[in-house]
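Enquirer: Structure provided below as structure tokens; questions to follow.
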Amino acid sequence: MATEFRFCPICATPLQSIHRYDRVRLGCPACGFVHFADPKVAVIALVIADGAVLLVRRAVDPGKGLWSLPGGYMDAGEMPAEALQREVREEVGLAIDVGEMSAIFPMQNGAGKRVGIVLAFRAQPSGLNRQVYAQDDVSEAGWFGPRQIPPDLAFDSTKTLIAEWARSEENAETDT
């Protein structure tokens with residue numbers, strides 16, 4: 001959830017709605033400070049190995065108890081691939097090689113207001129190790145084939161990417 005500023009962080013004067021840089025923003029009438037509400041950026045991984053995709057059951061909100069692709073928020077100073085490798089390692093103990101970015105999704109709060117973006121990447125495990133262990137903010141983790149996907153998926157991004165992946169896997173099966 002974004003912090004709503006009420007006072008200027010420079011001089012402590014109450015902020016007001018002002019028109020600056022082509023839109024209404026919070027600003028300080030005393031010192032001229034303008035608050036720019038920066039978006040949150042998250043990364044998620046469609047980790048694929050041996051015809052299966054990695055899913056995690058979320059142990060925290062949003063989506064507590066539902067299955068999703070592993071990922072999380074980027075930290076300041078991180079590049080997307082670095083953040084994704086850190087998040088997957090924290091959540092399931094798996095080292096990954098990050099591939100191409102496959103999509104960008106809007107991140108919305110419960111009221112439908114856009115608060116950021118989600119960068120989705122394809123990935124694969126580094127090396128031969130495929131073992132995963134639920135850690136951090138995950139209660140379960142596992143590999144699922146296209147016909148084994150749990151019905152209780154969190155987030156439109158996960159639903160979209162899993163559906164596309166499952167369709168491509170099934171098409172590959174019928175082509176062989």
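Bear in mind these aren't lab numbers, they're just calculated from the coordinates by the rules spelled out. A quick note: this is a predicted structure, and the numbers were derived from the prediction, not measured. Backbone-built Cβ (ideal geometry, glycine too); neighbour counts: all protein chains shown.
Enquirer: Of these, 130, 89, 147, which one is in contact (Cβ under 8 Å) with a residue 40 or more places away in the chain and basic (Lys, Arg)?
Expert: 130
Enquirer: I'd like the residue in the range 6-25 that is in a loop (DSSP other than H, G, I, E, B) and among the hydroxyl-bearing types (Ser, Thr, Tyr) and, out of all such residues, is farthest from residue 36 (Cα to Cα).
Expert: So the residue we want is 13.
Enquirer: Could I ask something else about it? For the range 43-64, give me each residue that is loosely packed, with under 13 Cβ neighbours inside 10 Å and over 27 Å from residue 126 (Cβ atoms).
Expert: Once the filter is applied, which keeps residues that are loosely packed, with under 13 Cβ neighbours inside 10 Å and over 27 Å from residue 126 (Cβ atoms), the range 43-64 yields 61, 64.
Enquirer: Any residue that is under 13 Å from the mean Cα position of the chain (by Cα), crowded, with 19+ Cβ neighbours inside 10 Å and closer than 25 Å to residue 138 by Cα - is there at least one of those in the range 22-42?
Expert: yes
Enquirer: Determine whether the range 42-62 contains at least one residue that is farther than 30 Å from residue 7 by Cβ, assigned to a loop (DSSP other than H, G, I, E, B) and without any contact (Cβ under 8 Å) to a residue 40 or more places away in the chain.
Expert: No; the residues of the range 42-62 include none that is farther than 30 Å from residue 7 by Cβ, assigned to a loop (DSSP other than H, G, I, E, B) and without any contact (Cβ under 8 Å) to a residue 40 or more places away in the chain.
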